[in-house]
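Trainee: Below you will find the structure I want to go over with you.
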Amino acid sequence: MLRSLGLTLLAALLLADLAWSRDSGQTALPASALFERETVTGEWLGARPLLEDRGVSLFGSYTCEVWGNTTGGLKTGSVYTGLLEFGAEVDLEKLAGWSGGSVGTSWLWLSGRDASEDLVGNFLTISNIAGFNTLRMMELWFQQNFLEDKISLRLGNITADSEFLVSDYGGLFINAEFGWPALASMNMAGGGAAYPTGGLGARVALEPTDWLGFRSGVFLTNLIPQNINRAGFRWDLNSKQAVTWMNELCFSHGNAEGSQTLPGFVKAGMWLQTGAEANALDPESGLPNTGFYLLADQMLLPERGADGSISDEGLGAFAGLGFTPPGRNVVDFYLNTGVTYKGLIPGRDADTCGLACGLASPSHGADADLRDEGLAPQAAEIVLEATYQCVIAPWCFVQPDIQYVINPGATSAYGNALVVGARFSVEF
């Protein structure tokens, strides 16, 4: 009922907005105008640009996936995974004259099933949008910028994975290992302050030059499971709450306007987690925990414009590695790497394809736990992913995807799994 009503309202808005666009003097036919606009719902009869002029930016998107496990894993079969994301950001300087201030919030409506949980049994999660089915607030924050945006401070319910451990080229891939990797999600209490639940915290970002940046964040990690903290407003603020302090230094190059240096960056980061839940293998020990990582993105073979300038099309690569103390963590080492190519097919300049490989190695302590459960541990779980993101319009893409999971769950209990799927996304 709700879905039918939503589709009816969306169709009515599209028709009205196309009519408004034509009456406003646009020469494009309605069909071509629809595929040229930045969002499917367009200008909202002129309301969207009016709001943006006053500093209010509203956003929304719907992403859905279908996954089928063809062999190995827990069982063969198929699942559907869906995510409706919406929210707002407000520039307080435009709205109220508050220089450098802004506020924002993002909400999730998760639906469907998790292919890793239902079909494969692996921890390098097949889909990076899977989560407990609910309507949840993920972020709610205030940010203050200083010194012409060279310094910023953000406070509120925030996520670490939106600003730490982020690879631009790795963002193409659907497996969660190429975003917030198992090194963090399997070792931090509650999976860390990351999608689909944020955590109370504060983050400071320093960008003194165009080649150097530093971020530091302190988070009260959300220990309450997703199925209990359904709305995102429950926090466990007792003496057992873990505090995670993350730090990341970024050295970038080739991002200055007109630069002929191929763009890329190197990031070095670490985290320190305290509290009774910090030790992932022995939560009652009270011992602190830590982790270290390196990330690199690099444009390798760019396509150039008529004037010789470097475009964002071409061949790029990324790599990441990290480690944690094996006596206190489930995963003590991770490695991922991959390549992407934007505009590989002539006439399809916005499309991007990619190949990637991710590996996570369980610690000796985790191996012992598997043996206690009667399972034979393996050296690592590995995922190989091939994907192609086909851009239909600026507001819509479809992305066929194939993943091959070796040693699901890092044990020999399940056969290697071949998972085939596709993602479809629309931006409102």
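The values are calculated or read from the model by the stated rules, or taken from the named source; none is laboratory data. This is a predicted model, so every value here is computed, not measured. Because the Cβ atoms are built from the backbone with ideal geometry, glycine has one as well, and the counts that use them run over all protein chains shown. To get the accessible areas, we keep the full protein, side chains included, count just its heavy atoms, and leave off ligands, DNA and RNA. Shrake-Rupley method; radii C 1.70, N 1.55, O 1.52, S 1.80 Å.
Trainee: Please state the shape class of the range 280-345: rounded when a/c is under 1.5, otherwise prolate if a/b exceeds b/c and oblate if not, all from the C-alpha gyration tensor.
Mentor: Details: a/c = 5.56, a/b = 4.08, b/c = 1.36.
In terms of gyration-tensor shape, prolate.
Trainee: May I pose another question? Over the chain, calculate the relative contact order: mean separation of alpha carbon pairs under 8 Å at least 6 apart, over the residue count, as a percent.
Mentor: On the way: 1113 pairs, mean separation 59.6, N = 428.
In percent, rounded to a whole number, it is 14.
Trainee: Please state, as a whole number in µm²/s, the translational diffusion coefficient that the Stokes-Einstein equation yields for the range 190-343 at 4 °C and 1.567 mPa s, with Rh defined as the Kirkwood radius across alpha carbon pairs. Working shown, then result.
Mentor: On the way: Rh = 18.0 Å.
It comes out at roughly 72 µm²/s.
Trainee: Hey, another quick one. Can you pull the Kirkwood radius for the range 28-107, inverse mean 1/r over Cα pairs, to one decimal in Å?
Mentor: Values: mean 1/r = 0.0622 Å⁻¹.
It is 16.1 Å.
Trainee: With a 1.4 Å probe and all protein chains in place, put W107, W98, W245 in order of accessible area, largest first.
Mentor: Numbers: W107 70, W98 135, W245 115 Å².
From most accessible down to least: W98, W245, W107.
Trainee: Can you give me the long-range amide H partners of D332? Hydrogens built in the peptide plane at 1.01 Å from N, cutoff under 5 Å, separation of 5 or more residues or another chain.
Mentor: S361, S363
Trainee: Just the number please: accessible area per residue for the chain, 1.4 Å probe, all protein chains included, in Å².
Mentor: Details: 19890 Å² over 428 residues.
Value for the chain: 46 Å² per residue.
Trainee: Something else: Would you mind giving the three semi-axes, in whole Å and largest first, of the ellipsoid equivalent to the range 316-428 according to its Cα gyration tensor?
Mentor: On the way: eigenvalues 245, 48, 27 Å².
After scaling each eigenvalue by five and taking roots: 35, 15, 12 Å.
Trainee: Now for a different question. Given the convex hull over the Cα atoms of the range 139-220, what projected area results after averaging over all orientations, in nm²?
Mentor: Details: hull surface 23.5 nm².
For the range 139-220, averaging the hull's shadow over all directions gives 5.9 nm².
Trainee: For the range 94-165 and the range 40-88, what is the separation of their C-alpha centers, rounded to whole Å?
Mentor: So the separation of the two Cα centres works out to 14 Å.
Trainee: Could you give log10 I(q)/I(0) at q = 0.07, 0.08 Å⁻¹ for the chain, computed by the Debye formula over C-alpha point scatterers of equal weight, without solvent?
Mentor: At q = 0.07, 0.08 Å⁻¹ the computed log10 ratios are -0.37, -0.49.
Trainee: Still on this structure: For the range 352-409 and the range 172-241, write down the distance between their C-alpha centroids in whole Å.
Mentor: 21 Å
Trainee: Oh, and also: I want the local charge near G264. Using Cβ-Cβ distances under 10 Å, sum +1 for each Lys or Arg and -1 for each Asp or Glu among the other residues. Walk me through the numbers on the way to the answer.
Mentor: On the way: positive: none; negative: D168, D297.
Result for the neighbourhood of G264: -2.
Trainee: If you don't mind, there's one more thing I want to ask. GNM on the chain, C-alpha springs below 10 Å: top fluctuator among P225, P362, P196?
Mentor: So, out of P225, P362, P196, the one fluctuating most is P225.
Trainee: In what sequence, highest mean first, do 407-414, 227-234, 268-275 appear when ranked by Cβ atoms within 10 angstrom?
Mentor: 407-414, 268-275, 227-234
Trainee: May I pose another question? Label the range 372-428 by shape, choosing from rounded, prolate and oblate, from the square roots a ≥ b ≥ c of the eigenvalues of the Cα gyration tensor; if a/c is under 1.5 it is rounded, and otherwise prolate applies when a/b is larger than b/c, oblate when it is not. Let's see the in-between values first.
Mentor: Working: a/c = 4.42, a/b = 3.36, b/c = 1.32.
It comes out prolate by the Cα gyration axes.
Trainee: Plugging the Kirkwood radius over Cα pairs into Stokes-Einstein for the range 69-190, at a temperature of 4 °C and a viscosity of 1.567 mPa s, what D comes out in µm²/s? Provide the component values of the computation, followed by the final result.
Mentor: Working: Rh = 16.8 Å.
D, rounded to a whole number, is 77 µm²/s.
Trainee: Name the most mobile residue of A176, A393, A417, meaning the one with the largest mean-square fluctuation, in a Gaussian network model of the chain with Cα contacts below 10 Å.
Mentor: A393
Trainee: Here's a follow-up. I'd like the orientation of helix 2-23 relative to the chain: the angle between its Cα long axis and the longest Cα principal axis, in ° from 0 to 90, rounded to 10.
Mentor: Rounded to the nearest ten degrees, it is 40.
Trainee: Highest first, please rank the peptides 99-106, 421-428, 185-192, 332-339 by the mean number of other Cβ atoms sitting within 10 Å of their residues.
Mentor: On the way: 99-106: 17.1, 421-428: 18.9, 185-192: 24.4, 332-339: 21.1.
Averaged packing, sorted descending, gives the order 185-192, 332-339, 421-428, 99-106.
Trainee: While we're looking at this one, here's another question. Of I406, A376, S361, whose Cα points farthest to the positive end of the dipole of the range 335-428 (charges on the beta-carbon: +1 Lys, Arg; -1 Asp, Glu; origin at the Cα centre)?
Mentor: I406
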